[in-house]
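Only the coordinates and a few stated rules stand behind these numbers; no lab work does. The structure presented is a predicted model; accordingly, all values stated were derived computationally and were not measured. Positions of Cβ are generated from backbone atoms using ideal geometry, with glycine treated the same way; all protein chains shown enter the neighbour counts.
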Amino acid sequence: MAVPHANSKGRILKFGIFEADLAAGELRKNGLRVRLQDQPFQLLALLMERPEDIVTREELRNKLWAADTFVDFDHSLNTAIKKIREALGDSAVNPRYVETIARRGYRFLAPVEIQTPSSSSESDAESSASVQPAPTRAMQSIMHAELDVPLPHRGSTRALFALIQIMYLVFYLAALFRWQSIEAAVDPFLRGWAAQAVSVLVLITAGLGIPLRFYLLSAATFDYQRLGEKFLRIFSLIFVLDELWALSPFLIAQKIGFGAAFAATAALLYVPFAERTLVRMAYRTAPTEGQK
């Protein structure tokens, strides 16, 4: 397998908390070696040599696979990209480092700094030069394309989204366990048939909400890649349920007081929008064709 450039030996390519030692063929994270096989490492080095540029699949094939090598190129390339993303903790859906360009190739997104070991002070000064053909674009590449916020760790956004689903499950179960006392709880505010209607509404919405929350919770837990698309399709239902259950603090207003119930309701009114934002941070809302 060919090394990206003959003069790349001895150089260290740094990006974020990672560095690739081209001479040793090692990828390190915060100084600690990250396990990455030779072929994925050489592929990563090729992409890092041209940050912000699209490196076509044909170029990768010509440089990394010999003409007389009989392999399933597409499978081998996809496997190598997958191993790179696993080593970097990256995602094909919301990439920070390696972006798939459908039917064309791949692009390295993060700014890359080149360090060249040297014995002279003049060479040391030059070793700090960085390869950033477009610093502004490089910074933008690690920002969310739609929300204009830095991309957070996907594990954090998924965990927050899952906690919201658990919160609503607790609401539903608590209300159902005390369902017979709901009419008495709303009696200071509503009387007669209106209080009975609230009880029925709690029963119906909790019955709908429990399976819905289990679906969203399991999808986030197992990192279902089409969750963003599915969530937007059912957002209208989620919005109605969440806004209705935002009034649930008034069911315990006699215990916590009207002011506390009002404040809790005001906070819960924002939750469906928070869910949508968290989903958009962690998942694409419209999957790219050919995304690997």
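What's the center-to-center distance, using Cα atoms, between segment 210-268 and segment 31-110 in Å?
40
Over segment 154-282, what is the relative contact order in whole percent, taking alpha-carbon pairs under 8 Å and six or more residues apart? Please list the in-between numbers first.
Working: 101 pairs, mean separation 45.9, N = 129.
Computed over segment 154-282, the figure is 36 percent.
Local charge sum around VAL170 (other residues, Cβ-Cβ under 13 Å, Lys/Arg +1, Asp/Glu -1)?
Values: positive: ARG178, ARG213; negative: none.
Around VAL170, the charge tally is +2.
Hey, fewest Cβ within 10 Å first, where do ILE210, ILE84, ILE17 land in order? Provide the component values of the computation, followed by the final result.
Working: ILE210 15, ILE84 22, ILE17 11.
Neighbour counts put them in this order, fewest first: ILE17, ILE210, ILE84.
Over segment 235-279, what is the relative contact order in whole percent, taking alpha-carbon pairs under 8 Å and six or more residues apart? Mind showing how you got there, number by number?
Details: 28 pairs, mean separation 20.1, N = 45.
Taking the mean separation of contacting Cα pairs over the length of segment 235-279, I get 45 percent.
Got a sec to turn the phi values of segment 155-162 into Karplus ³J(HN,Hα) couplings, 6.51 cos²θ - 1.76 cosθ + 1.60 with θ = phi - 60°, whole Hz, x for Gly and Pro?
Each residue's phi maps through the Karplus curve to give x, 5, 5, 5, 5, 5, 4, 5 Hz.
So how many Å³ per residue does the convex hull of the Cα atoms of segment 154-282 work out to?
Working: hull volume 12.6 nm³, N = 129.
So the per-residue Cα hull volume is 97 Å³.
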